[in-house]
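The values are calculated or read from the model by the stated rules, or taken from the named source; none is laboratory data. These numbers come from a predicted model, not from an experiment. All Cβ positions, even for glycine, are placed from backbone atoms using ideal geometry, and neighbour counts span all protein chains on display. All accessible areas refer to the heavy atoms of the entire protein, side chains included, with ligands and DNA or RNA removed. Shrake-Rupley method; radii C 1.70, N 1.55, O 1.52, S 1.80 Å.
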Amino acid sequence: MKTKNILNWIEVTFDWQNLAITVASLIIMGLVGHYGVRFVMNKWSKHHFKHFTTSAPLIIKALAGPITVIVYTVGMNLLFAYLQAPRGLVIITNQVLRTWILISFGVILYHLIPLLMETVTKVGKHKRFELSAIMRSFLTTLLQILMVVVIIFAILETWQINISGLFAGVGLTGLAVSMAAQDQIKNFLGGAVIIGEQSFSIGDKIESPSIQGTVEDITFRSTKLRTATGALQVVPNSTLANEPITNDSRVDVPRITLDYYLDVTTSDEQVSALRQRILDFLSKDERFMAKHMEYQVKIPEVVNQGIHIQVNGPLSPQGAENGDDAKAILNLNVMKAAQTLHIKFAKSDAGETGV
């Protein structure tokens, strides 16, 4: 399109009558696009979606922007047709308006995708398919990225840019980037493994050889956890995907496992009596689940430092609320029973205590 042709068209076309019609048309387009569309969308939202969740009216209102641009597009095409505008000017104007529409839809969808995913999760609970919080976060980010890519390619197509040539350049660039970002690719694949296995979810307390905390979020690169001290810990997904993970939030029945070492001079009768007293305590104390689980008080080994006794007790809901308290009470009762039976503990500082 030549500038000279546009100037000639303006000189020939715009007399006072056409100028007045153009100005009036632009004012009408502005009023209809800015106020009319929003008025209609608000009325439609109130009458047709009043019984739905709050997400539907928000979606309708969000569409007002792109619909306004569509009104401008139709109005400009009608105006150009009346004024017999040069074809080149019409094409460029339509390209600009179409780009505006695509960007408007892209911005709206980018912000609405999290809301839509949350709605899918709520619907899933009623339809017996659940979308975990960690899966929702991961899919939300993935959909947002895909949406941005689609919008970019649609805009390139609008301006008739050769996408096939662009793909070739992107392929070469992608190869170089992938070689320089191998760690990021590993983290992405690690995140996919975590999502697929669903070994933990947002809000779960997890442990591994390198981390311990409550999961707050998972992204393409890392998983964010809140430690017991309140600090935020960011762990690469590749690290979590290659480590054994203990999910403390998915324990069917929480247990306390304690190890004791008795002096080697302890007789068989004393060991048996201590074992029975521990079992009696576990069966009567309300912190432990006496009626539904079998307790274990066993002697797994006799070593140089003494006779090893291991106590495994499943906790009741009351005991699970404060595992440290249940552990302390159990330790005190074992010590009291040992004193009553004149049993000495091994002097060696052996054994570990844990849940």
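Give me the one-decimal nm value for the distance between modelled label points at E243 and V193, 7 Å along each residue's Cα-to-Cβ direction. Going by the 7 Å Cα→Cβ label model, 1.3 nm.
In the assembled protein chains, M335 presents an accessible area of approximately 90 Å² (probe radius 1.4 Å). Dimensions of segment 214-342 along the principal axes, based on C-alpha atoms and rounded to the nearest Å, stand at 60, 35, 25, largest first. For the residues Y82, Y35, a 1.4 Å probe over the protein chains yields an accessible-area ranking, largest first, of Y35, Y82. At the residue level, E118 shows approximately 80 square angstrom of accessible surface with a 1.4 angstrom probe and all protein chains present. The calculated FRET efficiency for V264 paired with T227, based on their beta-carbon distance and R0 = 30 Å, is about 0.15. Ligands, DNA and RNA excluded, the heavy atoms of V193 present near 60 Å² of accessible surface to a 1.4 Å solvent probe.
Please report Rg over Rh for segment 187-258, where both radii come from the alpha carbon positions and Rh follows the Kirkwood definition.
So for segment 187-258, dividing Rg by the Kirkwood Rh gives 0.97.
In terms of accessible area, using a 1.4 Å probe and ignoring ligands and nucleic acids, H34, H342, H308, H111 rank largest first as H342, H111, H34, H308. The aspartates and glutamates whose alpha-carbon is closer than 17 Å to the alpha-carbon of K344, local same-chain residues fewer than 8 away aside, are D259, D263, D268, E269. Placing pseudo-labels 7 Å out from each Cα toward the beta carbon at F39 and L139 gives an inter-label distance of 4.1 nm.
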